[in-house]
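Undergrad: The structure is given below, and queries will be raised subsequently.
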Amino acid sequence: MNKLTGNTRKLVMTAMLSAVATVLMFVDFSVPFMPNYIKMDISELPALIASFSMGPAAGVAVCLIKNLANLFRSQTGGIGELCNFFLGICFVLPAGLVYKMNKTKKGALTGCLVGAVSMAALSLPLNYFFIYPIYSKFMSMEAIIKSYQIIFPKVNSLFECLLIFNVPFTFIKGLLVAILTFALYKKIAPVIHGKG
Amino acid sequence: MMDITIGQFFPGDSIIHRMDPRTKILFTMLYMIVIFLVNNFAGFAVIFLFILAVIVSSRVPVKYYFKGLKTILILMLFTALFNLFLTPGNTIYTLPYLGWTISDSGIRFAAFMLFRLTFLLIGTSALTFTTSPVVLTDGLEYLMRPFSKIGVPAHEIAMMMTIALRFIPTFAEETDRIKKAQSARGADFESGSILKRAKAMVPILVPLFVGAFRRADDLAIAMEARCYRGGEGRTSLKQLSFSYADIYGLASAAIILTAVIICNIYSHF
(Lines give C-alpha, C1' and ligand atoms only; values in the text may rest on other atoms or scores of the structure.)
Protein backbone atom coordinates (compact mmCIF):
# COMPACT_ATOMS: atom_id res chain seq x y z
CA MET A 1 0.00 0.00 0.00
CA ASN A 2 2.80 2.38 0.84
CA LYS A 3 4.28 1.94 -2.61
CA LEU A 4 1.83 4.52 -3.93
CA THR A 5 3.72 7.42 -5.41
CA GLY A 6 2.19 9.76 -2.89
CA ASN A 7 0.94 12.34 -5.35
CA THR A 8 -2.27 10.57 -6.32
CA ARG A 9 -2.89 9.60 -2.70
CA LYS A 10 -2.34 13.17 -1.55
CA LEU A 11 -4.73 14.45 -4.20
CA VAL A 12 -7.43 11.96 -3.26
CA MET A 13 -6.93 12.54 0.48
CA THR A 14 -7.30 16.28 -0.01
CA ALA A 15 -10.44 15.72 -2.06
CA MET A 16 -11.93 13.46 0.63
CA LEU A 17 -11.14 15.96 3.38
CA SER A 18 -12.84 18.65 1.27
CA ALA A 19 -15.92 16.44 1.01
CA VAL A 20 -15.92 15.95 4.80
CA ALA A 21 -15.49 19.71 5.24
CA THR A 22 -18.48 20.38 2.99
CA VAL A 23 -20.58 17.98 5.03
CA LEU A 24 -19.43 19.60 8.28
CA MET A 25 -20.57 22.97 6.96
CA PHE A 26 -24.12 21.72 7.46
CA VAL A 27 -23.53 20.72 11.06
CA ASP A 28 -23.47 24.24 12.40
CA PHE A 29 -24.20 25.55 15.84
CA SER A 30 -26.18 28.75 15.89
CA VAL A 31 -24.62 31.08 18.40
CA PRO A 32 -26.34 33.36 20.87
CA PHE A 33 -25.40 37.06 20.86
CA MET A 34 -24.71 37.30 17.14
CA PRO A 35 -26.85 38.51 14.23
CA ASN A 36 -28.49 35.44 12.74
CA TYR A 37 -26.60 35.49 9.44
CA ILE A 38 -23.41 34.56 11.25
CA LYS A 39 -23.03 30.88 12.01
CA MET A 40 -20.46 28.82 13.83
CA ASP A 41 -19.32 25.72 12.00
CA ILE A 42 -16.31 23.47 12.25
CA SER A 43 -15.66 23.02 8.55
CA GLU A 44 -12.14 24.43 8.96
CA LEU A 45 -11.24 21.28 10.90
CA PRO A 46 -10.49 19.06 7.86
CA ALA A 47 -8.56 21.95 6.31
CA LEU A 48 -6.37 22.24 9.41
CA ILE A 49 -5.84 18.47 9.50
CA ALA A 50 -4.88 18.54 5.81
CA SER A 51 -2.54 21.43 6.48
CA PHE A 52 -0.80 19.52 9.30
CA SER A 53 -0.60 16.15 7.59
CA MET A 54 0.05 17.09 3.95
CA GLY A 55 1.38 20.63 4.06
CA PRO A 56 -0.16 24.12 3.98
CA ALA A 57 -0.99 23.88 0.25
CA ALA A 58 -3.32 20.93 0.91
CA GLY A 59 -5.05 22.96 3.63
CA VAL A 60 -5.63 25.83 1.22
CA ALA A 61 -6.92 23.34 -1.37
CA VAL A 62 -9.48 22.00 1.12
CA CYS A 63 -10.69 25.55 1.81
CA LEU A 64 -11.03 26.16 -1.93
CA ILE A 65 -12.85 22.93 -2.84
CA LYS A 66 -15.17 23.17 0.15
CA ASN A 67 -16.30 26.64 -0.88
CA LEU A 68 -16.52 25.76 -4.58
CA ALA A 69 -18.80 22.84 -3.71
CA ASN A 70 -20.87 25.11 -1.53
CA LEU A 71 -21.14 27.64 -4.34
CA PHE A 72 -23.60 25.31 -6.08
CA ARG A 73 -26.06 25.87 -3.29
CA SER A 74 -25.00 29.31 -2.13
CA GLN A 75 -27.57 31.50 -0.44
CA THR A 76 -25.46 34.62 -0.67
CA GLY A 77 -24.59 34.58 -4.35
CA GLY A 78 -21.04 33.54 -3.50
CA ILE A 79 -20.12 36.37 -1.13
CA GLY A 80 -20.26 34.23 2.01
CA GLU A 81 -18.17 31.57 0.30
CA LEU A 82 -15.55 34.09 -0.77
CA CYS A 83 -15.30 35.38 2.79
CA ASN A 84 -15.07 31.88 4.23
CA PHE A 85 -12.35 30.98 1.71
CA PHE A 86 -10.13 33.93 2.60
CA LEU A 87 -10.59 33.49 6.34
CA GLY A 88 -9.87 29.76 5.99
CA ILE A 89 -6.57 30.57 4.28
CA CYS A 90 -5.68 33.08 7.01
CA PHE A 91 -6.13 30.22 9.49
CA VAL A 92 -4.62 27.12 7.90
CA LEU A 93 -1.74 28.70 6.01
CA PRO A 94 0.11 30.17 9.02
CA ALA A 95 -0.79 27.13 11.16
CA GLY A 96 0.58 24.76 8.52
CA LEU A 97 3.74 26.81 7.99
CA VAL A 98 4.54 26.94 11.70
CA TYR A 99 3.99 23.21 12.09
CA LYS A 100 6.10 22.52 8.99
CA MET A 101 9.07 24.23 10.63
CA ASN A 102 8.58 22.54 13.98
CA LYS A 103 6.94 19.15 13.77
CA THR A 104 6.31 18.60 17.46
CA LYS A 105 3.27 18.82 19.66
CA LYS A 106 4.45 22.25 20.75
CA GLY A 107 4.80 23.24 17.11
CA ALA A 108 1.25 22.16 16.42
CA LEU A 109 -0.02 24.11 19.41
CA THR A 110 1.87 27.26 18.39
CA GLY A 111 0.63 26.77 14.83
CA CYS A 112 -3.00 26.57 15.93
CA LEU A 113 -2.69 29.65 18.10
CA VAL A 114 -0.89 31.67 15.41
CA GLY A 115 -3.56 30.57 12.92
CA ALA A 116 -6.46 31.50 15.20
CA VAL A 117 -4.92 34.90 15.99
CA SER A 118 -4.15 35.65 12.34
CA MET A 119 -7.65 34.63 11.25
CA ALA A 120 -9.24 36.82 13.93
CA ALA A 121 -6.95 39.77 13.21
CA LEU A 122 -7.26 39.59 9.43
CA SER A 123 -11.03 39.16 9.62
CA LEU A 124 -11.24 42.81 10.61
CA PRO A 125 -9.76 44.40 7.46
CA LEU A 126 -11.28 41.69 5.26
CA ASN A 127 -14.79 42.31 6.56
CA TYR A 128 -14.40 46.06 6.80
CA PHE A 129 -12.96 46.77 3.38
CA PHE A 130 -14.32 43.91 1.35
CA ILE A 131 -17.21 41.77 2.63
CA TYR A 132 -19.40 44.34 4.36
CA PRO A 133 -19.14 46.84 1.49
CA ILE A 134 -20.60 44.05 -0.68
CA TYR A 135 -23.28 43.26 1.92
CA SER A 136 -24.15 46.94 1.95
CA LYS A 137 -25.23 46.51 -1.67
CA PHE A 138 -28.19 44.56 -0.23
CA MET A 139 -28.73 46.26 3.09
CA SER A 140 -28.10 49.84 4.10
CA MET A 141 -25.10 50.31 6.38
CA GLU A 142 -27.42 51.91 8.97
CA ALA A 143 -29.50 48.73 8.98
CA ILE A 144 -26.45 46.51 9.42
CA ILE A 145 -25.26 48.58 12.37
CA LYS A 146 -28.76 48.68 13.88
CA SER A 147 -28.93 44.88 13.73
CA TYR A 148 -25.86 44.84 15.97
CA GLN A 149 -27.23 47.61 18.19
CA ILE A 150 -30.25 45.48 19.04
CA ILE A 151 -27.86 43.08 20.74
CA PHE A 152 -25.45 45.64 22.16
CA PRO A 153 -26.73 49.24 22.02
CA LYS A 154 -23.39 50.98 22.55
CA VAL A 155 -21.81 50.20 19.18
CA ASN A 156 -22.15 53.01 16.65
CA SER A 157 -19.90 52.26 13.72
CA LEU A 158 -19.25 49.23 11.56
CA PHE A 159 -15.68 49.17 12.82
CA GLU A 160 -16.84 48.85 16.43
CA CYS A 161 -19.37 46.17 15.50
CA LEU A 162 -16.69 44.09 13.85
CA LEU A 163 -14.21 44.66 16.66
CA ILE A 164 -16.66 43.76 19.44
CA PHE A 165 -18.49 40.88 17.75
CA ASN A 166 -16.78 39.41 14.71
CA VAL A 167 -13.16 39.41 15.86
CA PRO A 168 -13.73 37.54 19.15
CA PHE A 169 -16.21 35.27 17.41
CA THR A 170 -13.69 34.37 14.72
CA PHE A 171 -11.05 33.81 17.37
CA ILE A 172 -13.31 31.45 19.34
CA LYS A 173 -14.12 29.60 16.13
CA GLY A 174 -10.39 29.17 15.52
CA LEU A 175 -9.79 27.95 19.07
CA LEU A 176 -12.67 25.50 18.82
CA VAL A 177 -11.23 23.99 15.65
CA ALA A 178 -7.79 23.87 17.30
CA ILE A 179 -9.17 22.03 20.37
CA LEU A 180 -10.94 19.51 18.15
CA THR A 181 -7.81 18.99 16.07
CA PHE A 182 -5.85 18.14 19.22
CA ALA A 183 -8.58 15.78 20.40
CA LEU A 184 -8.64 14.04 17.02
CA TYR A 185 -5.21 14.10 15.51
CA LYS A 186 -3.55 11.38 17.62
CA LYS A 187 -6.45 9.02 16.96
CA ILE A 188 -6.50 9.43 13.21
CA ALA A 189 -2.79 10.04 12.54
CA PRO A 190 -1.98 6.32 11.94
CA VAL A 191 -4.67 6.11 9.26
CA ILE A 192 -3.50 9.31 7.59
CA HIS A 193 -0.01 7.89 7.27
CA GLY A 194 -1.30 4.65 5.81
CA LYS A 195 -0.75 2.35 8.79
CA GLY A 196 -4.36 1.87 9.85
CA MET B 1 -31.60 12.98 7.59
CA MET B 2 -29.51 15.99 6.69
CA ASP B 3 -30.74 17.52 3.49
CA ILE B 4 -27.60 17.88 1.44
CA THR B 5 -28.23 18.33 -2.21
CA ILE B 6 -25.12 19.67 -3.83
CA GLY B 7 -26.27 21.39 -6.90
CA GLN B 8 -29.90 21.38 -7.84
CA PHE B 9 -29.57 20.00 -11.32
CA PHE B 10 -32.83 19.52 -13.18
CA PRO B 11 -32.14 17.26 -16.17
CA GLY B 12 -33.51 18.45 -19.48
CA ASP B 13 -32.79 19.25 -23.07
CA SER B 14 -33.66 22.93 -23.36
CA ILE B 15 -31.54 25.45 -25.24
CA ILE B 16 -30.03 26.55 -21.94
CA HIS B 17 -29.19 22.98 -20.95
CA ARG B 18 -27.39 22.56 -24.25
CA MET B 19 -25.26 25.67 -23.87
CA ASP B 20 -21.60 25.13 -23.16
CA PRO B 21 -20.86 25.33 -19.40
CA ARG B 22 -18.10 27.88 -20.11
CA THR B 23 -20.60 30.20 -21.75
CA LYS B 24 -22.99 29.78 -18.86
CA ILE B 25 -20.35 30.43 -16.19
CA LEU B 26 -19.06 33.56 -17.92
CA PHE B 27 -22.62 34.68 -18.58
CA THR B 28 -23.55 34.26 -14.91
CA MET B 29 -20.52 36.29 -13.84
CA LEU B 30 -21.49 39.06 -16.26
CA TYR B 31 -25.07 38.85 -15.03
CA MET B 32 -23.95 39.33 -11.42
CA ILE B 33 -21.96 42.40 -12.40
CA VAL B 34 -24.93 43.79 -14.32
CA ILE B 35 -27.20 43.27 -11.29
CA PHE B 36 -24.87 45.45 -9.25
CA LEU B 37 -24.70 48.05 -12.03
CA VAL B 38 -28.47 48.56 -12.15
CA ASN B 39 -29.32 51.80 -10.36
CA ASN B 40 -33.04 52.27 -10.97
CA PHE B 41 -36.26 50.32 -11.36
CA ALA B 42 -36.29 50.54 -15.16
CA GLY B 43 -33.09 48.50 -15.14
CA PHE B 44 -34.80 45.87 -13.01
CA ALA B 45 -37.67 45.75 -15.50
CA VAL B 46 -35.13 44.78 -18.16
CA ILE B 47 -33.61 42.15 -15.85
CA PHE B 48 -37.11 40.85 -15.07
CA LEU B 49 -37.92 40.35 -18.76
CA PHE B 50 -34.60 38.65 -19.28
CA ILE B 51 -35.06 36.33 -16.27
CA LEU B 52 -38.55 35.50 -17.48
CA ALA B 53 -37.11 34.51 -20.84
CA VAL B 54 -34.47 32.36 -19.12
CA ILE B 55 -37.03 30.62 -16.89
CA VAL B 56 -39.32 29.87 -19.81
CA SER B 57 -36.60 28.65 -22.13
CA SER B 58 -34.89 26.56 -19.42
CA ARG B 59 -38.11 24.48 -19.14
CA VAL B 60 -37.43 24.06 -15.42
CA PRO B 61 -40.75 24.39 -13.54
CA VAL B 62 -41.13 27.83 -11.99
CA LYS B 63 -41.82 26.29 -8.59
CA TYR B 64 -38.21 25.10 -8.43
CA TYR B 65 -37.00 28.67 -8.72
CA PHE B 66 -39.32 29.68 -5.90
CA LYS B 67 -38.23 26.73 -3.80
CA GLY B 68 -34.68 28.08 -4.01
CA LEU B 69 -35.91 31.45 -2.77
CA LYS B 70 -37.88 29.90 0.06
CA THR B 71 -34.74 28.76 1.87
CA ILE B 72 -33.64 32.34 2.35
CA LEU B 73 -37.11 33.83 2.75
CA ILE B 74 -36.47 34.68 6.39
CA LEU B 75 -33.19 36.38 5.60
CA MET B 76 -34.90 38.33 2.82
CA LEU B 77 -37.79 39.45 5.02
CA PHE B 78 -35.38 40.37 7.78
CA THR B 79 -33.30 42.43 5.37
CA ALA B 80 -36.37 44.09 3.85
CA LEU B 81 -37.78 45.02 7.29
CA PHE B 82 -34.47 46.46 8.43
CA ASN B 83 -34.14 48.45 5.24
CA LEU B 84 -37.72 49.62 5.52
CA PHE B 85 -37.51 50.90 9.07
CA LEU B 86 -33.91 51.93 9.41
CA THR B 87 -33.18 53.92 6.28
CA PRO B 88 -33.23 57.65 7.05
CA GLY B 89 -35.42 59.94 4.90
CA ASN B 90 -38.71 61.86 4.99
CA THR B 91 -40.92 60.11 7.51
CA ILE B 92 -44.30 59.17 6.07
CA TYR B 93 -45.56 56.80 8.74
CA THR B 94 -44.70 56.10 12.38
CA LEU B 95 -45.64 52.82 13.97
CA PRO B 96 -47.81 53.38 17.06
CA TYR B 97 -46.22 52.42 20.43
CA LEU B 98 -42.87 51.34 18.95
CA GLY B 99 -42.04 54.67 17.40
CA TRP B 100 -40.34 53.08 14.39
CA THR B 101 -40.55 55.21 11.31
CA ILE B 102 -41.04 54.38 7.67
CA SER B 103 -39.56 56.88 5.27
CA ASP B 104 -40.06 57.36 1.55
CA SER B 105 -36.46 56.43 0.86
CA GLY B 106 -36.88 53.42 3.19
CA ILE B 107 -39.66 51.99 1.01
CA ARG B 108 -37.71 52.65 -2.14
CA PHE B 109 -34.52 51.16 -0.72
CA ALA B 110 -36.25 48.06 0.69
CA ALA B 111 -37.97 47.33 -2.64
CA PHE B 112 -34.78 47.98 -4.57
CA MET B 113 -32.73 45.61 -2.42
CA LEU B 114 -35.44 42.95 -2.51
CA PHE B 115 -35.37 43.03 -6.32
CA ARG B 116 -31.60 42.91 -6.39
CA LEU B 117 -31.40 39.91 -4.05
CA THR B 118 -34.22 38.03 -5.78
CA PHE B 119 -32.85 38.52 -9.28
CA LEU B 120 -29.34 37.62 -8.18
CA LEU B 121 -30.51 34.34 -6.67
CA ILE B 122 -32.87 33.36 -9.49
CA GLY B 123 -30.16 34.12 -12.05
CA THR B 124 -27.48 32.09 -10.30
CA SER B 125 -29.82 29.18 -9.68
CA ALA B 126 -30.67 29.13 -13.39
CA LEU B 127 -27.03 28.11 -13.87
CA THR B 128 -27.14 25.28 -11.34
CA PHE B 129 -30.58 24.09 -12.49
CA THR B 130 -29.43 23.61 -16.06
CA THR B 131 -25.87 22.40 -15.50
CA SER B 132 -24.86 19.35 -13.51
CA PRO B 133 -22.05 19.91 -10.97
CA VAL B 134 -19.69 17.62 -12.88
CA VAL B 135 -20.21 19.49 -16.15
CA LEU B 136 -19.78 22.77 -14.29
CA THR B 137 -16.49 21.50 -12.90
CA ASP B 138 -15.40 20.60 -16.44
CA GLY B 139 -16.23 24.11 -17.54
CA LEU B 140 -14.31 25.57 -14.59
CA GLU B 141 -11.27 23.48 -15.49
CA TYR B 142 -11.24 24.89 -19.03
CA LEU B 143 -11.70 28.42 -17.77
CA MET B 144 -8.89 28.02 -15.23
CA ARG B 145 -6.44 26.59 -17.76
CA PRO B 146 -4.92 29.93 -18.77
CA PHE B 147 -4.07 30.50 -15.10
CA SER B 148 -2.11 27.27 -14.88
CA LYS B 149 0.79 29.22 -16.45
CA ILE B 150 1.01 31.23 -13.24
CA GLY B 151 0.89 28.13 -11.08
CA VAL B 152 -2.82 27.49 -10.57
CA PRO B 153 -3.20 23.69 -10.67
CA ALA B 154 -6.36 23.74 -12.82
CA HIS B 155 -6.54 20.02 -13.48
CA GLU B 156 -5.86 19.03 -9.87
CA ILE B 157 -8.52 21.42 -8.57
CA ALA B 158 -11.09 20.06 -11.02
CA MET B 159 -10.18 16.45 -10.20
CA MET B 160 -10.45 17.06 -6.45
CA MET B 161 -13.71 18.85 -7.03
CA THR B 162 -15.14 15.90 -8.98
CA ILE B 163 -14.05 13.43 -6.28
CA ALA B 164 -15.45 15.64 -3.52
CA LEU B 165 -18.80 16.00 -5.32
CA ARG B 166 -19.00 12.23 -5.66
CA PHE B 167 -18.35 11.62 -1.95
CA ILE B 168 -20.30 14.44 -0.30
CA PRO B 169 -23.61 12.49 -0.28
CA THR B 170 -21.78 9.38 0.94
CA PHE B 171 -20.25 11.23 3.89
CA ALA B 172 -23.50 13.00 4.67
CA GLU B 173 -25.18 9.64 4.97
CA GLU B 174 -22.30 8.27 7.01
CA THR B 175 -22.38 11.24 9.41
CA ASP B 176 -26.05 10.65 9.91
CA ARG B 177 -25.56 6.96 10.59
CA ILE B 178 -22.69 7.54 13.05
CA LYS B 179 -24.74 10.18 14.85
CA LYS B 180 -27.64 7.79 15.25
CA ALA B 181 -25.36 4.99 16.39
CA GLN B 182 -23.76 7.20 19.06
CA SER B 183 -27.15 8.54 20.15
CA ALA B 184 -28.32 4.95 20.59
CA ARG B 185 -25.39 4.52 22.96
CA GLY B 186 -26.49 7.53 24.98
CA ALA B 187 -24.43 10.34 23.42
CA ASP B 188 -25.95 13.81 23.79
CA PHE B 189 -25.31 16.37 21.04
CA GLU B 190 -28.05 18.87 21.72
CA SER B 191 -27.38 20.34 25.16
CA GLY B 192 -24.60 22.11 27.02
CA SER B 193 -22.23 24.95 26.21
CA ILE B 194 -20.56 25.37 22.83
CA LEU B 195 -17.42 23.71 24.15
CA LYS B 196 -19.38 20.76 25.51
CA ARG B 197 -21.26 20.34 22.25
CA ALA B 198 -18.03 20.57 20.28
CA LYS B 199 -16.47 17.88 22.49
CA ALA B 200 -19.51 15.69 21.89
CA MET B 201 -18.59 15.87 18.19
CA VAL B 202 -15.37 13.87 18.69
CA PRO B 203 -17.06 10.43 18.70
CA ILE B 204 -18.71 11.38 15.41
CA LEU B 205 -15.65 12.90 13.81
CA VAL B 206 -13.19 10.04 14.48
CA PRO B 207 -15.13 7.34 12.57
CA LEU B 208 -16.00 9.89 9.87
CA PHE B 209 -12.37 10.79 9.24
CA VAL B 210 -11.13 7.21 9.46
CA GLY B 211 -13.79 6.16 6.93
CA ALA B 212 -12.80 9.02 4.63
CA PHE B 213 -9.11 8.03 4.72
CA ARG B 214 -9.87 4.36 4.07
CA ARG B 215 -11.91 5.36 1.02
CA ALA B 216 -9.12 7.69 -0.09
CA ASP B 217 -6.64 4.81 0.00
CA ASP B 218 -8.93 2.55 -2.01
CA LEU B 219 -9.62 5.24 -4.59
CA ALA B 220 -5.96 6.20 -4.91
CA ILE B 221 -5.01 2.57 -5.58
CA ALA B 222 -7.83 2.22 -8.12
CA MET B 223 -6.70 5.37 -9.91
CA GLU B 224 -3.05 4.36 -10.01
CA ALA B 225 -4.02 0.90 -11.23
CA ARG B 226 -5.67 2.67 -14.16
CA CYS B 227 -2.46 4.63 -14.77
CA TYR B 228 -3.69 8.01 -13.55
CA ARG B 229 -0.75 10.38 -13.73
CA GLY B 230 -2.14 13.88 -13.52
CA GLY B 231 -3.51 16.24 -16.10
CA GLU B 232 -0.56 16.28 -18.50
CA GLY B 233 -1.70 14.96 -21.89
CA ARG B 234 -4.97 13.64 -20.49
CA THR B 235 -7.87 13.41 -22.91
CA SER B 236 -11.53 13.29 -22.01
CA LEU B 237 -14.48 11.26 -23.21
CA LYS B 238 -16.78 14.22 -23.57
CA GLN B 239 -15.24 17.20 -25.31
CA LEU B 240 -16.76 20.58 -24.62
CA SER B 241 -17.77 22.43 -27.76
CA PHE B 242 -19.54 25.66 -28.58
CA SER B 243 -22.77 25.48 -30.56
CA TYR B 244 -25.42 27.82 -31.93
CA ALA B 245 -26.98 27.96 -28.45
CA ASP B 246 -23.88 29.77 -27.26
CA ILE B 247 -24.26 32.39 -29.99
CA TYR B 248 -27.76 33.14 -28.70
CA GLY B 249 -26.30 33.39 -25.21
CA LEU B 250 -23.61 35.79 -26.36
CA ALA B 251 -26.12 37.92 -28.26
CA SER B 252 -28.50 38.17 -25.29
CA ALA B 253 -25.59 39.05 -22.99
CA ALA B 254 -24.72 41.97 -25.26
CA ILE B 255 -28.35 43.08 -25.44
CA ILE B 256 -29.00 42.97 -21.70
CA LEU B 257 -25.79 44.83 -20.91
CA THR B 258 -26.62 47.59 -23.41
CA ALA B 259 -30.22 47.82 -22.20
CA VAL B 260 -29.18 48.19 -18.58
CA ILE B 261 -26.60 50.84 -19.41
CA ILE B 262 -29.22 52.78 -21.41
CA CYS B 263 -31.68 52.53 -18.48
CA ASN B 264 -29.02 53.72 -16.06
CA ILE B 265 -28.34 56.81 -18.14
CA TYR B 266 -31.82 57.83 -19.33
CA SER B 267 -34.29 56.59 -16.72
CA HIS B 268 -34.88 58.46 -13.47
CA PHE B 269 -37.49 56.15 -12.04
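The values are calculated or read from the model by the stated rules, or taken from the named source; none is laboratory data. The model shown is predicted, which means the values in this text are computed figures rather than measured ones. So basically every Cβ, Gly included, is an ideal-geometry build from the backbone, and we count neighbours across all protein chains shown. Note: accessible area is taken over every heavy atom of the protein model, side chains too, but ligands, DNA and RNA are not part of it. Shrake-Rupley method; radii C 1.70, N 1.55, O 1.52, S 1.80 Å.
Undergrad: Got a sec? Which of A:PRO94, A:PRO56, A:PRO46 is away from every other protein chain (no Cβ under 14 Å), modelled with pLDDT of 90 or more and touching a Lys or Arg at 6+ places or on another chain (Cβ under 9 Å)?
TA: Answer to the check: A:PRO56.
Undergrad: Looking at (1) open to solvent by 10 Å² or more (accessible area, probe 1.4 Å); (2) facing chain B (nearest Cβ under 10 Å); (3) in contact (Cβ under 8 Å) with a residue 40 or more places away in the chain; (4) not in a loop (DSSP other than H, G, I, E, B), can you tell me which one A:GLY194 breaks?
TA: Among (1) open to solvent by 10 Å² or more (accessible area, probe 1.4 Å); (2) facing chain B (nearest Cβ under 10 Å); (3) in contact (Cβ under 8 Å) with a residue 40 or more places away in the chain; (4) not in a loop (DSSP other than H, G, I, E, B), A:GLY194 violates only (4).
Undergrad: Right, another one. Can we say B:GLY106 is facing another protein chain (nearest Cβ under 10 Å) and free of Cβ contacts under 8 Å to residues at least 24 places away in the same chain?
TA: Yes.
Undergrad: Next question, about the same structure. State which residue is surrounded by the fewest Cβ atoms within 10 Å (Cβ to Cβ) when the search covers only region A:59-77 and only residues that are at pLDDT 90 or above and facing chain B (nearest Cβ under 10 Å).
TA: Filtering region A:59-77 for residues that are at pLDDT 90 or above and facing chain B (nearest Cβ under 10 Å), the one surrounded by the fewest Cβ atoms within 10 Å (Cβ to Cβ) comes out as A:LEU64.
Undergrad: A further question follows. Conditions first: (1) more than 10 Å from chain A (Cβ to nearest Cβ); (2) of a type outside the set (Val, Ile, Thr); (3) open to solvent by 20 Å² or more (accessible area, probe 1.4 Å). B:GLU174 passes all but one, so which condition is the exception?
TA: Every condition holds for B:GLU174 apart from (1).
Undergrad: Moving to a separate point now. Can you tell me which condition B:LYS180 does not meet? The list is (1) outside any loop (DSSP other than H, G, I, E, B); (2) surrounded by fewer than 14 Cβ atoms within 10 Å (Cβ to Cβ); (3) within 13 Å of chain A (Cβ to nearest Cβ); (4) not aliphatic (A, V, I, L, M), and all the others hold.
TA: (3)
Undergrad: Output the residues belonging to region B:62-79 that are buried (at least 17 other Cβ atoms within 10 Å of the Cβ), without any contact (Cβ under 8 Å) to a residue 60 or more places away in the chain and more than 9 Å from chain A (Cβ to nearest Cβ).
TA: Result: B:MET76, single match.
Undergrad: Sticking with this structure for a sec: All but one of (1) within 12 Å of another protein chain (Cβ to nearest Cβ); (2) without any contact (Cβ under 8 Å) to a residue 24 or more places away in the chain hold for B:TYR31, so report the exception by its number.
TA: Condition not satisfied by B:TYR31: (2).
Undergrad: Please verify whether region B:188-199 includes one or more residues that are open to solvent by less than 60 Å² (accessible area, probe 1.4 Å), facing chain A (nearest Cβ under 8 Å), closer than 21 Å to A:TYR185 by Cβ and in contact (Cβ under 8 Å) with a residue 24 or more places away in the chain.
TA: No; the residues of region B:188-199 include none that is open to solvent by less than 60 Å² (accessible area, probe 1.4 Å), facing chain A (nearest Cβ under 8 Å), closer than 21 Å to A:TYR185 by Cβ and in contact (Cβ under 8 Å) with a residue 24 or more places away in the chain.
Undergrad: On to the next question. How many residues are more than 29 Å from B:SER14 (Cβ to Cβ), of a type in the set (Gly, Ala, Ser) and free of Cβ contacts under 8 Å to residues at least 24 places away in the same chain when one looks only at region B:200-257?
TA: Residues flagged as more than 29 Å from B:SER14 (Cβ to Cβ), of a type in the set (Gly, Ala, Ser) and free of Cβ contacts under 8 Å to residues at least 24 places away in the same chain within region B:200-257 amount to 6.
Undergrad: Kindly list the number of the only condition in (1) over 30 Å from B:GLY68 (Cβ atoms); (2) open to solvent by 50 Å² or more (accessible area, probe 1.4 Å); (3) within 17 Å of the chain's Cα centre (by Cα) that fails for A:GLY111.
TA: Every listed condition holds for A:GLY111 apart from (2).
Undergrad: Working carefully through the options A:PHE169, A:PHE130, A:PHE138, find the one that is within 26 Å of A:GLU44 (Cβ to Cβ), open to solvent by 40 Å² or more (accessible area, probe 1.4 Å) and among the aromatic types (Phe, Trp, Tyr).
TA: Exactly one residue qualifies, and that residue is A:PHE130.
Undergrad: Quick check on region B:150-170. Is at least one of its residues open to solvent by 30 Å² or more (accessible area, probe 1.4 Å) and either farther than 30 Å from A:PHE26 by Cβ or more than 11 Å from chain A (Cβ to nearest Cβ) (or both)?
TA: Yes: one or more hits.
Undergrad: Under 9 Å between Cβ atoms, which residue pairs at least 6 apart in sequence (or on different chains) link something in region A:150-175 that is at pLDDT below 85 with a partner that is open to solvent by 30 Å² or more (accessible area, probe 1.4 Å) and among the polar types (S, T, N, Q)?
TA: The qualifying pairs are A:VAL155/A:GLN149; A:ASN156/A:GLN149; A:LEU158/A:SER136; A:CYS161/A:GLN149.
Undergrad: Hey, can you tell me all the residues within region A:174-184 that are at the interface with another protein chain (Cβ under 10 Å from one of its Cβ atoms) and either open to solvent by 20 Å² or more (accessible area, probe 1.4 Å) or among the basic types (Lys, Arg) (or both)?
TA: Result: A:LEU175, A:ILE179, A:ALA183.
Undergrad: Would you confirm whether any residue within region B:206-224 is open to solvent by less than 40 Å² (accessible area, probe 1.4 Å), at the interface with another protein chain (Cβ under 9 Å from one of its Cβ atoms) and modelled with pLDDT under 90?
TA: Within region B:206-224, not a single residue is open to solvent by less than 40 Å² (accessible area, probe 1.4 Å), at the interface with another protein chain (Cβ under 9 Å from one of its Cβ atoms) and modelled with pLDDT under 90.
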